[in-house]
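Everything on this sheet refers to the single structure shown next.
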Amino acid sequence: MENGKRPKNPLRKRVWRDLLRDWRRNLMIFLMLVVTIGFVSGMYVANHSMMTALDENASKFSREDGHFELSAQADDDLLAAIASGEKADMPAVFRARAYEEAEPEVEKAVREAAEEQVREQVRAAITEQVAQAVDAQLAKAGKALPAEQRQAMLDEALSAAMKENYDKAVQDALTETWKSDAYKDALAEAMQKAKDEIDDKINSEYDELAERYELDETFDAVPVDLYALFYKNAEERLPADSDYQGKIRIYGPRTAVDLYDILSGRAPENDREILIDRMHADNAGIQIGDRLMASGTEFEVVGLVSFTDYITLYESNTDTMFDALTFNVGMVTEEGFARLNRALHYNYAFRYQDPPADLYEEKTYSDHFLKALITQAAVAEKETEIKDYVPAYANHAITFAADDLGSDMAMGGVLLYILTAVLAFISAVTISSSLEKESSVIGTLRASGYTKGELVRYYMSMPLLTVLLAAIVGNVLGYTVFKEVVVGMYYNSYSLPTYTTLWTPEAFIRTTVIPLVLMLIINLVVILRTLRLSPLRFLRHDLKRTRRAKAVRLPRWRFFRRFRLRVFLQNLPNYLMLFVGISFVMLMLSMMVGMPSTLSYYQERMPDMMFAKEQVILSDYRDADGEIIRTETADAEPFSIYSLEYETGQMQEDISVYGLQPESRYIDIGSDPDAIWISQAFADKYHLHEGDSVKLSEKYENTDYTWEISGVYPYDASLAVFMQNDRLNTLFQRKDGAFSGYLTDTGITDIDETDIVSRITSDDMVKVAKQLDHSLGSYMEYFQYVCVIIAAIILYLLTKIIIEKNELPIAMAKILGYEDGEIARLYLIPTGIVVVLTSLISMFIGFEAMKVFWSVMLMKLGGYFAFIVKPEDFVKEFVLVLSAYLLITVFDWFRIKRIPKVLALKNAE
Amino acid sequence: MDEKTKAFLEVRGLKKSFGSGDTRQDVLRGLDFTVGKGEFCVLLGPSGSGKSTLLNILGGIDTADEGEILIDGDKLEDMNEKSLTRYRRKHLGYVFQMYNLIPNLNVKENIETGAYLSDNPLDIDDLLKTLGLFDHRYKLPNQLSGGQQQRVSIGRAIVKNPDILLCDEPTGALDYTTSKEILQLIEEVNQKYHNTVIMVTHNEAIRQMADHVIKLRDGVIRHDDRITDKKSAAELEW
């Protein structure tokens, strides 16, 4: 008997054939995975490369560790003192100064008092001597004069004596007094008393300041290098676009700190040239060679850059959102800077001489340096006020992009995992259906001695291979095509520098290893559950784990309805998958449709939402002459605005506190002098209600305010607190009758522009919505169609399984004489009903989930507007999914039509 | 002593029932018999007599409630699931009424699925010739007739040169001529490779080609006969 060689496992050959046999389904799963893995991989690569570029830029372009602005230019002594990073001994300096100031005054006072006393004593002595002499003279003459005559004689003699002796006597007495110990003691005592008073006063004032800024803490000096980085703010106008109105912050040449990455063009070479931020240039349509007017001064744009301290264009660190649409940053030559006729901002950047090891150390450094800065500014010879202090780690303009890039990555990862899980379940359902179909083959193989492990490996190979191939192709696309897409998205929001594409193991792990593991686990569970059954059960096609004694009893419906219900019950697991899949799509659609809709809703409605069309903010409520600034505008109403902070776990939220007139025509909170109302947006964002207490804090002080909420005012445009103006003035120690400006609907024209700081209109309020819309809006529409494609693919895969499972009964029904249309109705209508119901339910779930997601997102951003989906958006979501279903139904119709009758008459292979 | 008379397979007191309580049905009610090595044994009986259940228990894909089975001295009931799989892998070949071929593997590859299980399989080309399938070796199952498909399934079972070939109604779905061809093939395989063949059938005529006939009815053995004047498959008529 001839024996042969043991062949290689023939099932391996089958894996490839299976892949090809079911090429449509596998291609769909493959393509979906390729696109998702590609996109997420691109996102990781772009993120990683960009984050590395941002990190490296900190040292490459000498990014600041922080900056501060002073009210006046610091002299060399102050700069040296600040740069030392040492805390000034404020009480000692103040004391020495006060003593120095007090000494001559005290001495003068004591001297004057002593002199007065001496004069008094001399006068008394002379008077007494003269009286004695006059009385002695009268006694000698034996005359007794009437009192009046005696007094006249006395006055005459006193006057003569005073004239003759007083000055000399006083002079002599004073000479003696100045020499006397008594005078010295009195002087020392007075001096001590004055010093004690000074000490008490300084100590009590310092204690208050020390408590607020924890100035008593001892720490090592934090020496820094200081760089003057002065700037001027100007109105930006573009001769090429007369409608455009923006702002530009212009710096002088940057040579040592906060340098810039030139993305195109060059640095300015003469006083008429400027380089500006690339992102803003893109948004405003400014190109190299264009002219730009900065408060009337014309410049030619010669370069587009990314400033290392303005990766995100935040005008102020307290702004809710960056604004790359109307805020610009530029740099000119010294001469160009001098040409610009605007107020100077004395801004200084600093870098630690000993770079901090980590963020924790950086925060400690910053705390210590701020204390040094506060004390040094306080003891400065020239009165100097700190107007702004922003350490780099807390500077949104520097950190926001990196933070956002990070959260994008997390979100992309989650989407990939959800989609992979959905696909893994679809693949598992497909395999489960294959196991049923191939039940007798499996039974035979198991009966012949194939182990469970061998069959598990075989059935697992196809889904794993699909993921692996998709991961390879997806990663290649991720590194090439999709990386560019993602980078394009980022360049559309942030002023990012140039970057180099870097390989990241994280992208590989997250887009290849994790999807593979997900696919492995989900499929393994399903396959193992089935393959646990005995070979005999496979041979008997008996794969149900639970055997129903009887079929489910159905109501006495018409035959067709009952038949459809049976189809539904038979395919329950598939419909469950359909539900998960469509819910996933609907969640994404809620975001893709809802987000732009919410943003445009706010932009459109903002003018109506604002309680007054304009808030005119004055620099002071009195003009230069001390007169209260008034207006003839009929609807103008004085109001106050004050800024406090609401501390949350994640951030400090800016809250506007409004002081209003009783029964104000703009925000009527009645006339209760103690009422505290909050805006609807504030209530919604932090889940506050009437009766709750709310605690707000002063920004740079150690003062908190806790109020009970009297009511919620229906105002959605900002986070605000409303109270009577009188109460606001008392609370914040403002003068009686003080106010910040006027609320008006018609606009104010009769107030001198120099007295007006700003006019807040709806444009300012929609800044967040506009910027978000610009950054995300355009992609959302594109992703809406991606969602439809995903929905179509999921529907295709699942309905294919349902029809394949029923091929035999369908063929039999055809033999029995059912028409294709009737059969299609039997098998397609249950799916249609499931799709419609699932869409409706998941639309609701998607909306609710998005609301949660939205509020989490805004927690990080600051500001608030509720997530809104208009009725027509729900219709749109529904129609999008339904159109995907209708498309697939056409496929299914042809699929049913193609099933041959002979199938029912054939053996099972 | 002739190998065929020496007990290779021993069945003692084998019982099996399905269901419980009122619905309990005794399928095998205490069977005792032996089968010799290389013997062609036919299990005969009408539907429901328990012959397929007996075959499945012998094949290790079903279990008995009572009794024991010894194959070449090894007790089947002592084996756990893993050992049973190994036992099937090393010692058994299965042929079913339905051919259960893998649709997207060709004839040769389907046979290879059997060969893969053995460390010492038969030469596949040689076997294909024996099976009369050499010219069809690259065809897929759906390009073959029922008889040819059954040949492939026999090839798959026999290629690993099993000690026992279990056949469950292998001609049940075939016409007269094809059935005879298949029986001839099994006979040829039995003679050529000396495997013990246990075949379940309800076709009385097939008993004539067997060395050993066990007739079951209602779960008990009615006859257990050794045939001395057996006919060749070609001579059978029904």
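Tallying residues that are in a loop (DSSP other than H, G, I, E, B) and either under 17 Å from A:Thr308 (Cβ atoms) or touching a helix residue (DSSP H, G or I) at 6+ places or on another chain (Cβ under 6 Å) (or both) within the range A:269-297 yields 1. Please go through the range B:149-163 and give me each residue that is closer than 22 Å to B:Asp74 by Cβ and crowded, with 24+ Cβ neighbours inside 10 Å, ordered by number. Passing the criteria: B:Ala157, B:Ile158, B:Lys160, B:Pro162. Scanning the range A:1-25 for residues that are assigned to a helix (DSSP H, G or I) and within 14 Å of another protein chain (Cβ to nearest Cβ) yields a total of 13. When the range B:167-206 is limited to residues that are in contact with a Leu (Cβ under 6 Å, 6 or more places away or on another chain) and in contact (Cβ under 8 Å) with a residue 40 or more places away in the chain, the one that is farthest from B:Phe96 (Cα to Cα) turns out to be B:Asn195. The condition of being of a type in the set (Gly, Ala, Ser), under 30 Å from A:Ala46 (Cα atoms) and at pLDDT below 85 holds for only one of A:Ser407, A:Ser433, that being A:Ser407. Which residues, counting only those in the range A:446-472, are without any contact (Cβ under 8 Å) to a residue 24 or more places away in the chain and either surrounded by 19 or more Cβ atoms within 10 Å (Cβ to Cβ) or touching a Phe, Trp or Tyr at 6+ places or on another chain (Cβ under 8 Å) (or both)? Within the range A:446-472, A:Ser448, A:Gly449, A:Tyr450 meet the criteria.
Candidates in the range A:367-382 are the residues that are farther than 14 Å from A:Ser84 by Cα and assigned to a helix (DSSP H, G or I); of these, the one that is modelled with the lowest pLDDT is A:Ala378. A:Leu502 is checked against (1) among the hydrophobic types (A, V, I, L, M, F, W, C); (2) away from chain B (no Cβ under 14 Å); (3) in a helix (DSSP H, G or I) and fails just one. What number does that condition carry? Only one criterion is unmet by A:Leu502, namely (3). Any chance you could count how many residues in the range A:436-445 are under 15 Å from A:Asn571 (Cα atoms) and crowded, with 21+ Cβ neighbours inside 10 Å? Number satisfying all stated conditions: 0. With the condition kept exactly as written, say whether any residue in the range B:76-94 is in a strand (DSSP E or B), more than 14 Å from chain A (Cβ to nearest Cβ) and farther than 19 Å from A:Leu536 by Cβ. Among the residues of the range B:76-94, not one is in a strand (DSSP E or B), more than 14 Å from chain A (Cβ to nearest Cβ) and farther than 19 Å from A:Leu536 by Cβ, which makes the answer no. Of the residues that make up the range A:144-163, is at least one closer than 30 Å to A:Ala186 by Cα and either out of contact with any Gly (no Cβ under 9 Å at 6 or more places or on another chain) or not assigned by TED's automatic domain parsing to the domain that holds A:Ala186 (or both)? The answer is yes, given that some residue of the range A:144-163 is closer than 30 Å to A:Ala186 by Cα and either out of contact with any Gly (no Cβ under 9 Å at 6 or more places or on another chain) or not assigned by TED's automatic domain parsing to the domain that holds A:Ala186 (or both).
Looking at B:Asp218, B:Asp211, B:Asp229, B:Asp224, just one residue is free of Cβ contacts under 8 Å to residues at least 24 places away in the same chain and charged (D, E, K, R), and that residue is B:Asp229.
Set side by side, the residues A:Met50, A:Met43 differ, and just one is away from chain B (no Cβ under 14 Å), touching an Asp or Glu at 6+ places or on another chain (Cβ under 9 Å) and of a type in the set (A, V, I, L, M), which is A:Met43. Residues in the range B:101-137 that are at negative phi, of a type in the set (Gly, Ala, Ser) and surrounded by fewer than 24 Cβ atoms within 10 Å (Cβ to Cβ): B:Ser118 alone.
Pairing each residue of the range A:542-555 that is not assigned by TED's automatic domain parsing to the domain that holds A:Thr444 with any residue that is at pLDDT 75 or above and surrounded by 10 or more Cβ atoms within 10 Å (Cβ to Cβ), provided the two are 6+ apart or on different chains, yields C-beta distances under 7 Å for A:Val552/A:Leu569; A:Leu554/A:Arg562; A:Leu554/A:Leu565. What's the number of the condition B:Glu109 fails, among (1) part of a helix (DSSP H, G or I); (2) at the interface with chain A (Cβ under 8 Å from one of its Cβ atoms); (3) out of contact with any helix residue (DSSP H, G or I) (no Cβ under 9 Å at 6 or more places or on another chain)? With (1) part of a helix (DSSP H, G or I); (2) at the interface with chain A (Cβ under 8 Å from one of its Cβ atoms); (3) out of contact with any helix residue (DSSP H, G or I) (no Cβ under 9 Å at 6 or more places or on another chain) applied to B:Glu109, the lone miss is (3). Evaluation of B:Met98 against the conditions (1) surrounded by fewer than 20 Cβ atoms within 10 Å (Cβ to Cβ); (2) over 19 Å from A:Asn9 (Cα atoms) shows that the sole unmet condition is (1).
Among the residues here, A:Ala410 qualifies as within 26 Å of A:Leu587 (Cα to Cα) and either free of Cβ contacts under 8 Å to residues at least 24 places away in the same chain or in contact with a strand residue (DSSP E or B) (Cβ under 9 Å, 6 or more places away or on another chain) (or both).
Number of residues in the range A:287-303 that are buried (at least 23 other Cβ atoms within 10 Å of the Cβ) and modelled with pLDDT of 95 or more equals 1.
Considering only residues in the range B:112-145 that are in a helix (DSSP H, G or I) and at the interface with chain A (Cβ under 7 Å from one of its Cβ atoms), the one that is nearest to the chain's Cα centre (by Cα) turns out to be B:Gly114. The single condition among (1) in contact (Cβ under 8 Å) with a residue 24 or more places away in the chain; (2) farther than 30 Å from B:Pro162 by Cβ that A:Leu11 does not meet is (2). Can you find even one residue in the range A:417-428 that is among the hydrophobic types (A, V, I, L, M, F, W, C) and without any contact (Cβ under 8 Å) to a residue 60 or more places away in the chain? Within the range A:417-428, none of the residues are among the hydrophobic types (A, V, I, L, M, F, W, C) and without any contact (Cβ under 8 Å) to a residue 60 or more places away in the chain. Restricting A:Val513, A:Val526, A:Val517 to those that are surrounded by 19 or more Cβ atoms within 10 Å (Cβ to Cβ) and farther than 30 Å from A:Ile311 by Cα reduces the list to A:Val526. When B:Thr228, B:Thr171 are checked against the criterion of being among the hydroxyl-bearing types (Ser, Thr, Tyr), under 29 Å from B:Leu28 (Cα atoms) and surrounded by fewer than 19 Cβ atoms within 10 Å (Cβ to Cβ), a single residue qualifies: B:Thr228. In a residue-by-residue description of the range A:714-724, the property of being under 30 Å from A:Tyr864 (Cα atoms), at pLDDT below 80 and either in a loop (DSSP other than H, G, I, E, B) or within 33 Å of the chain's Cα centre (by Cα) (or both) applies to at least one position.
The values are calculated or read from the model by the stated rules, or taken from the named source; none is laboratory data. Only a predicted model underlies this, so the values are computations on that prediction, with no experimental measurement involved. Quick reminder, even Gly has a Cβ in these numbers, built from the backbone with ideal geometry, and neighbours come from all protein chains shown.
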